[in-house]
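The values are calculated or read from the model by the stated rules, or taken from the named source; none is laboratory data. The structure displayed is predicted, hence computed values, not measured ones. Because the Cβ atoms are built from the backbone with ideal geometry, glycine has one as well, and the counts that use them run over all protein chains shown. Ligands, DNA and RNA are stripped out before the accessible areas are found, and what is left, the full protein with its side chains, is counted by its heavy atoms. Shrake-Rupley method; radii C 1.70, N 1.55, O 1.52, S 1.80 Å.
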Amino acid sequence: MKTWAVVANTFREAIRDKVLYNLVFFALLVMGGSVVIGNMTLGEGLKIIMDLSLAAMSVFGLLIAIFVGIGLVHKEIQRRTNAMLLAKPISRRSFVIGKYLGLLLVIALNMAIMSAALLALMAVYSPAGMNWGVLVAILLILVELMIVTAVAVLFSTFSTPTLSAMLTLGVWVIGRFSSDLAEFANKMEDPVSRALATGVHYLLPNLEKFDVKHLVVYNMAIEPAYVGWALVYGLLYILFLIGLAVAIFERRDFK
């Protein structure tokens with residue numbers, strides 16, 4: 001019950017953030033622009049609409065997680081409101097989990113808005129009928145954003161917003177090029193550097209697992225087993241990150 005109070009408070013606070021509306025507006029603008037670009041091509045309009053729209057959902061969802069998410073915990077600490085919340089009493093565990101879930105509600109809401117816009121565009125510009133594989137792509141994008149949000153919350157428990165933003169973005173970039181990092185590590189001659197690069201590859205989340213838009217765009221089959229494994233992987237990684245965030249936050253001294 002106490003956790004849900006933090007969730008509701010976080011949701012209300014994030015919804016009032018003007019940055020959120022600007023990001024959603026630009027995401028919808030990119031999706032609308034994909035229609036214009038698609039109309040300039042011959043027979044590839046729907047593919048361009050799906051490709052650019054899914055990419056916009058991923059990138060702007062990332063920006064929402066960074067610019068809205070990383071400041072949530074830090075603002076409470078800076079304004080000393082966390083002391084009042086924790087004195088009610090709300091445990092530090094409930095505080096961190098509530099902040100995370102509240103931000104997830106905001107991201108899920110915005111993903112729903114962008115998803116509805118994409119499905120509407122597909123209904124208009126798809127002569128062969130709806131490609132429902134796009135829902136799988138949207139689901140995996142959402143799981144990816146859940147991981148990124150957990151990373152942002154983790155960094156915000158012990159770092160400044162600017163540094164947290166840089167670290168979160170760095171994790172996202174490395175996670176998006178995880179296979180390239182592994183290949184780069186295998187080509188290293190120095191064993192120490194190779195071990196370090198390999199360790200980073202396995203420690204940081206492999207976000208490539210959640211990028212299936214190329215399969216959707218070209219109407220290729222997505223194996224249910226692959227989707228199931230990606231969901232399990234994402235859930236376990238989120239639990240690890242939030243558990244680590246709770247452990248760090250519980251050991252902080254706010255006096």
Check your understanding: Among the residues of the range 109-126, is any of a type in the set (S, T, N, Q), in a helix (DSSP H, G or I), at pLDDT below 90 and within 17 Å of residue 245 (Cα to Cα)?
Key -> no
**Study point:** Long-range neighbours under 6 Å by Cβ, at least six apart or interchain, first residue more than 25 Å from residue 210 (Cβ to Cβ) and open to solvent by less than 70 Å² (accessible area, probe 1.4 Å) within the range 179-197, second modelled with pLDDT of 80 or more and in a helix (DSSP H, G or I)
**Key:** 188/194
**Study point:** Members of the range 113-140 that are open to solvent by less than 10 Å² (accessible area, probe 1.4 Å) and within 15 Å of the chain's Cα centre (by Cα)
**Key:** 114, 137, 140
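Can you spot a residue in the range 164-182 that is farther than 22 Å from residue 66 by Cβ, acidic (Asp, Glu) and modelled with pLDDT of 80 or more?
Within the range 164-182, the first condition is being farther than 22 Å from residue 66 by Cβ, and the residues that meet it are 179-180, 182.
Filter once more, so that each one left must be acidic (Asp, Glu): 180.
Applying the additional criterion that residues be modelled with pLDDT of 80 or more yields 180.
Yes, the range 164-182 contains a residue that is farther than 22 Å from residue 66 by Cβ, acidic (Asp, Glu) and modelled with pLDDT of 80 or more.
Which of the residues that make up the range 212-228 are open to solvent by 40 Å² or more (accessible area, probe 1.4 Å) and under 18 Å from the mean Cα position of the chain (by Cα)? Spell out how you get there, then give the answer.
First, the residues of the range 212-228 that are open to solvent by 40 Å² or more (accessible area, probe 1.4 Å): 213-214, 218-221, 223-226.
Scanning the range 212-228 gives a single hit, 213.
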